[in-house]
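Only one structure is covered here, and it is reproduced in the block below.
The values are calculated or read from the model by the stated rules, or taken from the named source; none is laboratory data. Being a predicted model, the structure only gives us computed values, none of them experimental. Cβ placement follows ideal geometry from the backbone for every residue including glycine, while neighbour counts extend to all protein chains displayed. These accessible areas exclude ligands, DNA and RNA; they are computed on the full protein's heavy atoms, side chains included. Shrake-Rupley method; radii C 1.70, N 1.55, O 1.52, S 1.80 Å.
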Amino acid sequence: AAMAGGARRLYRRILQLHRALPPALRDLGDRYVKEEFRRHKAVGPAEAQRFLREWENYAALIQQQINEDKQNMREKAVYGIQLTEEKLNDFRDEQIGQLKELMDEATKPNKKITISKDSKYKT
């Protein structure tokens, strides 16, 4: 029960941090976090501990990047980190597949909305 409470607090904290992200990144991040937390609801204690530790690290990193962005310490807002080969080697095939899906989603070209002569929105 204590682990569940900690997971819930972390989940809420991450969603709150995402509010400071650009809208498309926030949407993508929120969907990913929700899926991951749902997927890991019934894992064993060791995996749960590792899962929560990784998400704590993520939350701390995003918090730091948001603070740097607010202080204009960086010219352009950049969120996240490059994964090391060592880190990638720790991932299961399923996780690599999820990362690929996430990368594909994150790198989709932005849909531009234009207004036509008849004032209807087109994508």
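Starting from residues that are part of a loop (DSSP other than H, G, I, E, B) and under 16 Å from Tyr11 (Cβ atoms), keep the ones in the range 39-50 and report whichever is most open to solvent (accessible area, probe 1.4 Å). Spell out how you get there, then give the answer.
Step one: filter the range 39-50 for residues part of a loop (DSSP other than H, G, I, E, B), giving 40-44.
Keeping just the survivors that are under 16 Å from Tyr11 (Cβ atoms) gives 40-43.
Working: His40: 28, Lys41: 173, Ala42: 99, Val43: 42 Å².
By that ranking, first place goes to Lys41.
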**OP:** Residue by residue through the range 51-88, note down the ones that are open to solvent by 80 Å² or more (accessible area, probe 1.4 Å), under 17 Å from the mean Cα position of the chain (by Cα) and modelled with pLDDT of 75 or more.
**Re:** Arg53, Glu56, Asn57, Gln64
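Do we find that Glu36 is more than 18 Å from Leu25 (Cα to Cα), modelled with pLDDT of 80 or more and surrounded by 10 or more Cβ atoms within 10 Å (Cβ to Cβ) in this structure? Break it down stepwise before answering.
On the way: more than 18 Å from Leu25 (Cα to Cα): no; modelled with pLDDT of 80 or more: yes; surrounded by 10 or more Cβ atoms within 10 Å (Cβ to Cβ): yes.
No: the conditions fail for Glu36.
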Original post:
Among the residues of the range 95-117, is there at least one that is modelled with pLDDT of 70 or more, touching an Asp or Glu at 6+ places or on another chain (Cβ under 8 Å) and not in a helix (DSSP H, G or I)?
Top reply: no
